[in-house]
Amino acid sequence: MTSHSTSRRTVLFAAAALTTAGCGSDGGGDGGDGGTTAGTPEAPDAPDSPDAPESPEGDGEALARTSEIPVGGGTVFAEEKVVVTQPTAGEFKAFSAVCTHQGCLVNKVADGTIDCPCHGSKFRVADGSVVTGPATRPLPAEQIIVSGETISLA
């Protein structure tokens, strides 16, 4: 019985460690500029396909087309654990989708805030700063590249 109990504690401890690893900031997430990287004018536009956008050569994983991110709102990409916002027309920001309170993933962007379903924390789409707690730290900025109509992870 002791080995079962020890094994269970080890598994629970490991799960807790993995869960809390995403709770903190990487030190670079001060909620500053949101990590937008402007595209270069000579970068090619993505093809006009209704399918998922292609990433320009050399860039990171393509997330979306610029037209898919609503002005004043944003979109959560749960698989990539990133949220992309467009606070004002043509201005794109990206933040970690991992809430700084207890590591839950935010699940929606509405009324100018990025919302966490677990405990109700809300963050501003413009800079990731806390609007409503219990979170006390902003969402860390993520780097993206906007090239033509494509938004990619940097």
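The values are calculated or read from the model by the stated rules, or taken from the named source; none is laboratory data. Source: prediction; values computed, not measured. Glycine also receives a Cβ, built like all others from the backbone with ideal geometry; neighbour counts cover every protein chain displayed. Side chains included, ligands, DNA and RNA excluded: accessible areas come from the protein's heavy atoms. Shrake-Rupley method; radii C 1.70, N 1.55, O 1.52, S 1.80 Å.
Can you name every residue in the range 77-103 that is surrounded by fewer than 18 Cβ atoms within 10 Å (Cβ to Cβ) and under 18 Å from P134 (Cα atoms)?
Hits for the range 77-103 are Q102, G103.
For the subset of the range 117-143 comprising residues that are in a loop (DSSP other than H, G, I, E, B) and open to solvent by 70 Å² or more (accessible area, probe 1.4 Å), which member is nearest to T88 (Cα to Cα)? Talk me through it step by step, then tell me what you get.
Within the range 117-143, the first condition is being in a loop (DSSP other than H, G, I, E, B), and the residues that meet it are 117-121, 125-129, 133-140, 142-143.
Subsequent filtering for residues that are open to solvent by 70 Å² or more (accessible area, probe 1.4 Å) retains 117, 119, 136-137, 143.
Details: P117: 25, H119: 28, T136: 25, R137: 23, Q143: 18 Å.
Here the answer is Q143.
Can you spot a residue in the range 63-84 that is in contact with an Asp or Glu (Cβ under 7 Å, 6 or more places away or on another chain), of a type in the set (A, V, I, L, M) and either at negative phi or modelled with pLDDT of 95 or more (or both)?
Among the residues of the range 63-84, at least one is in contact with an Asp or Glu (Cβ under 7 Å, 6 or more places away or on another chain), of a type in the set (A, V, I, L, M) and either at negative phi or modelled with pLDDT of 95 or more (or both), which makes the answer yes.
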